[in-house]
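What follows is one structure encoded as structure tokens, with my remarks underneath.
Please treat every number below as a calculation from the coordinates, not as lab data. This one's a predicted model, so the numbers in the text were calculated from it and none came from an experiment. Virtual Cβ from ideal backbone geometry, glycine too; neighbours counted across all protein chains shown.
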């Protein structure tokens with residue numbers, strides 16, 4: 001289902017969201033369905049079970065990066081970097097990041113100290129914990145919201161997040177913008 005970012009019809013957004021899983025399946029990428037289920041369902045639950053000190057570990061971060069790379073452009077060195085991180089560093093950085101929310105600048109900065117984690121990966125970590133505060137900076141969502149920007153800096157992420165949050169308020173809807181509409185590459 002194609003949907004323009006400017007669309008303000010709540011029913012169309014709900015319809016697009018309802019077709020998300022079918023769109024993921026249609027991509028026919030090995031392991032994407034199970035990785036996507038992990039990212040959207042299992043990982044958020046794991047993180048929230050760790051309250052009052054939510055965090056992720058190296059294994060979870062590695063699986064998140066595999067999900068991100070499988071759905072987007074494959075960058076194998078990122079996975080090597082992330083997989084080699086020690087658990088205590090990942091736990092500490094993610095704990096600080098989650099506690100920093102809703103300050104996206106601080107939250108992203110806490111995660112990008114980890115080798116192999118840039119603003120886009122940091123946004124995926126934050127979105128797994130608090131999708132209403134921190135949207136995932138996917139190629140497709142960036143393109144839809146900002147016009148195919150390939151700038152994955154913190155500054156661009158903040159513009160992206162502001163635009164998505166403004167869209168959610170104007171449309172009176174809460175949506176996780178990485179729906180199938182933005183999978184069309």
Just to be sure I understand the model, the point goes 7 Å from the Cα along the line to the Cβ. What's the resulting residue 168 to residue 12 distance in nm? 2.1
For the chain, what are Rg and Dmax over the alpha carbons, in angstrom? 15.6, 46
With Cα springs under 10 Å, the Gaussian network model of the chain assigns the largest mean-square fluctuation among 127, 97, 166 to 166
Could you check the simple spin-label distance between residue 57 and residue 133, using points 7 Å along Cα→Cβ, in nm with one decimal? 2.4
Mind checking which of 157, 20, 129 has the largest fluctuation in a GNM of the chain, springs on alpha carbons under 10 Å? 20
At 7 Å along the Cα-to-beta-carbon direction for both residue 92 and residue 48, put a label point, then send me their distance in nm to one decimal. 2.9
